[in-house]
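Here the structure comes first, spelled out in structure tokens, and everything after it is commentary.
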Amino acid sequence: MAESSISVTSLPCAVCKFEKWNTEVESSNKFGHEHTIEKYEDLQKSVLSGCPGCIILHEAWVWCIPDQHLRSKAWLAFNIDTSKMYFHLFTEHVLDVDIFTLSGQPRIKHIASASLLPPSTELRYNLSRIQSWIEACERLHKRCSVVTEFTPFRLLDLQTDIQDCIKLVNVPNVRYVCLSHCWGSTRSKHLTKRENLLANQSGIPLLELPKTFQDAVHVTKALGIRYLWIDTFCIIQDDEKDWETQASLMAAIYENAYITIAAGSSDDDDGGFFAEPRDAYTKAYKFHLDVNGIDHEFYMRYAVPHPGEGWPVGRLLPLMTRAWTMQERLLAKRYLCFGHNEIFWECQEDVSCSCTIAEGPFNPCDGEPKFHGCEPLKYKSSLLNNLSSNDLATLWRDLVHEYSGRNLTKSSDKLPALAGLAEKFQRVFNCGYLAGLWMNNIREDVSWRTSGNDAPFGRMRKGPSWSWATACESPIIWPPIKLHKTFQVTSTSIHKEINGLTVHEYAKGSHLTIRGFIQPISIQTYVNRDELEKVYPLVRRCQVVEWARRHSEHSQLLARRFGSLVKHAERKPRDKAIEMDNDQEQTMYGTFFADYRFWETEEELRGTLQHVYFLFLGSETDTDPLWIDGMILRPRSGQWDESNVCYERIGWLRYCTLDSVTESDRTPRGTQSTITLL
């Protein structure tokens with residue numbers, strides 16, 4: 001523990017800018033301005049002058065790096081223009097530090113008030129806080145308090161005549177809790193099937209359940225609620241019709257639950273709810289600093305990670321890596337997640353957590369309620385009726401980006417696990433929904449690419465190649481491009497009529513009719529893979545050979561039937577224009593993102609990419625020279641007639657054209673064609 005007594009002078013500090021630490025927060029600046037201190041020695045000198053800001057930063061530096069030799073090699077970054085200062089110490093690793101005061105204590109404006117973490121997430125340490133969240137939510141939040149008469153067809157009754165037993169019941173108009181959990185590899189012997197449905201309606205011994213289910217019962221009872229919905233028991237798992245019926249009600253089940261409780265730190269049903277946080281989070285370092293005669297008590301600990309903050313979520317919140325659980329979180333009116341280090345609260349109007357709660361029941365909020373460093377996806381998902389059409393479409397794509405990187409036990413669940421959210425969006429979109437895309441925004445929705453994560457050979461799922469849902473398990477990205485006016489989706493054809501949102505169908509046989517500029521190209525990958533390609537195995541740096549001779553649709557059809565449009569191009573230096581026979585060829589560099597692994601060897605990949613088509617979609621307007629983006633297509637064998645060629649999409653390409661950005665509105669290269677995309 002350290003104690004210092006100093007008087008603040010009016011002179012500004014060139015090292016820590018302490019004169020700004022008590023100024024008003026710049027609400028217009030979302031992230032503030034980051035400041036750095038590159039030399040520990042500079043901070044030491046300023047400490048001797050009595051600067052309180054430098055004393056605080058010095059305490060953090062010494063506490064994080066006890067070794068004096070290593071300390072001198074580090075540097076520090078901090079932010080003083082938001083309501084919560086952050087500190088990053090850069091050594092061989094990045095050390096994130098929280099500095100805070102306790103509620104009701106003297107503080108500096110930009111140093112937040114927070115709470116000390118309890119030694120465990122067990123209810124004996126946290127129930128009173130959970131109850132305060134619920135009480136405040138009921139009292140303050142109109143959107144969270146809407147009462148409906150919906151009740152799931154089956155619920156678990158936790159108050160039966162048989163001691164230490166629960167049972168399946170069908171009761172109308174009751175308050176109930178939903179459980180969100182990772183199935184993992186464990187399976188309860190009482191998992192509901194057709195053969196034991198009657199037995200589960202008679203009674204299920206509580207002590208024979210996996211730990212997660214026992215804890216869920218314990219938490220539900222502690223909240224004073226009698227009924228609990230767990231998919232394992234409330235859906236007949238070997239009855240396809242019942243599974244589809246209950247899956248189609250998933251939005252209603254989670255939206256109408258009084259609260260959803262989540263076993264966030266467990267990767268299977270044996271892990272349970274409760275955990276003990278790391279000492280680095282619970283054992284905070286305390287020091288005193290007297291500023292102008294007022295004693296300030298500061299605490300310091302390593303920053304506690306929050307959901308969606310960018311850290312490796314799987315280590316601390318395995319639940320957040322699962323696909324099904326995303327909509328369970330976003331649909332719930334109240335969501336209580338038991339993490340490895342703390343408990344998180346999210347509802348439709350506020351968020352809170354064990355580490356940052358201060359004066360009020362919920363976290364301080366500068367606009368949209370969210371955890372520090374995270375996107376407010378849940379809050380936005382609760383306000384769909386208030387969003388513009390553009391904001392609604394952007395939010396859907398943000399959700400798909402978050403969802404598409406999550407894991408599924410059954411690959412075929414890609415769309416069903418998002419069906420509840422899709423149903424909620426359709427109430428506002430009021431348009432057709434097909435394979436994860438919205439017909440009102442089909443031109444933008446189809447303009448996606450993968451991140452390039454590794455995948456096994458072949459498409460993950462059957463369905464249209466233009467849907468992100470048939471791509472590899474990888475976060476889906478919508479590149480920041482300006483779509484060109486020549487790219488249009490002129491019609492859609494649905495082979496099998498989809499009834500509402502029966503999204504278990506992957507629109508087999510459906511296709512898009514697209515009007516745009518298409519050009520034969522060769523993509524030449526490099527023999528030596530760079531670091532990006534090693535991290536993302538479905539990404540390839542490449543040279544792109546444009547073939548400028550214009551081909552009619554008919555000649556393209558004949559060429560694809562009987563031979564290649566282009567010759568095998570030898571590897572050429574980047575950015576060099578060359579001549580080959582009478583075909584004008586220009587070689588440029590770019591990056592190819594495969595939709596899935598359609599090759600088993602590098603030789604097979606290089607052979608396929610020698611003869612592909614580029615469908616121009618748009619350009620990146622903030623770069624010079626001009627970069628353009630589009631789909632990489634190949635003809636689908638046996639799927640053509642004399643007037644049209646059917647293509648499948650296999651990837652995305654961005655490459656540098658060497659043109660100026662002022663030429664971005666020029667007529668694109670290639671032939672303007674109408675094609676069918678399967």
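Observations
- Of interest is the spacing of the C-alpha centroids, which for segment 53-123 and segment 439-492 amounts to 42 Å.
- Under 13 Å, Cβ to Cβ, from T212 - net charge with Lys/Arg +1 and Asp/Glu -1: -4
- Residue order, fewest to most beta carbons within 10 Å, for L209, L384: L384, L209
- For the pair V174 and Q159, the difference between a 0.36 nm per residue extended length and the Cα-Cα distance amounts to 4.0 nm.
- Here D96, D350 are placed in order of increasing Cβ neighbour count within 10 Å, fewest first, which gives D96, D350.
- Rounded, prolate or oblate (a/c below 1.5 giving rounded, otherwise prolate when a/b exceeds b/c) for segment 126-177 by Cα gyration tensor: oblate
- Extension gain, L408 back to D270 (0.36 nm per residue minus Cα-Cα distance, nm): 47.8 nm
- Listed pairs K221/K241; K424/K482; K17/K109; K17/K39 exceeding 21 Å between Cα atoms: K221/K241; K424/K482
- Unit charges on C-beta of K, R, D, E only; dipole of segment 394-435, Debye: 40
- Fully extended contour minus Cα-Cα distance, from H93 to E604, at 0.36 nm per residue: 180.0 nm
- Pairwise label distance in nanometres, D391 with R515, each label 7 Å out on the Cα-Cβ vector: 3.3
- Whole-angstrom Cα spans of segment 256-311 along principal axes, big to small: 53, 29, 22
- Prolate/oblate/rounded call for segment 220-283, Cα gyration tensor, a/c under 1.5 rounded: prolate
- Of all DSSP beta bridges confined to segment 102-235, the antiparallel ones make up roughly 65%.
- With all projection directions averaged, the alpha carbon convex hull of segment 82-227 covers 14.4 nm².
- Each other residue within a Cβ distance under 15 Å of Q348 adds +1 if Lys or Arg and -1 if Asp or Glu, for a net charge of +3.
- FRET efficiency estimate (nearest 0.05) - Cβ-Cβ, T186 to C365, R0 41 angstrom: 0.60
- Put a dot 7 Å past the Cα of Y125, heading toward its Cβ, do the same for L197, and the two dots end up 4.4 nm apart.
- Peptides 112-120, 195-203, 133-141, 340-348 ranked from most to least packed, by the mean per-residue count of other Cβ atoms within 10 Å: 340-348, 112-120, 133-141, 195-203.
Every number in this text was worked out from the coordinates using simple rules, so none of it is lab data. Predicted model only: the values in this text are computed from it and were never measured. Here Cβ is always computed from backbone atoms with ideal geometry, including for glycine, and neighbour counts include all displayed protein chains.
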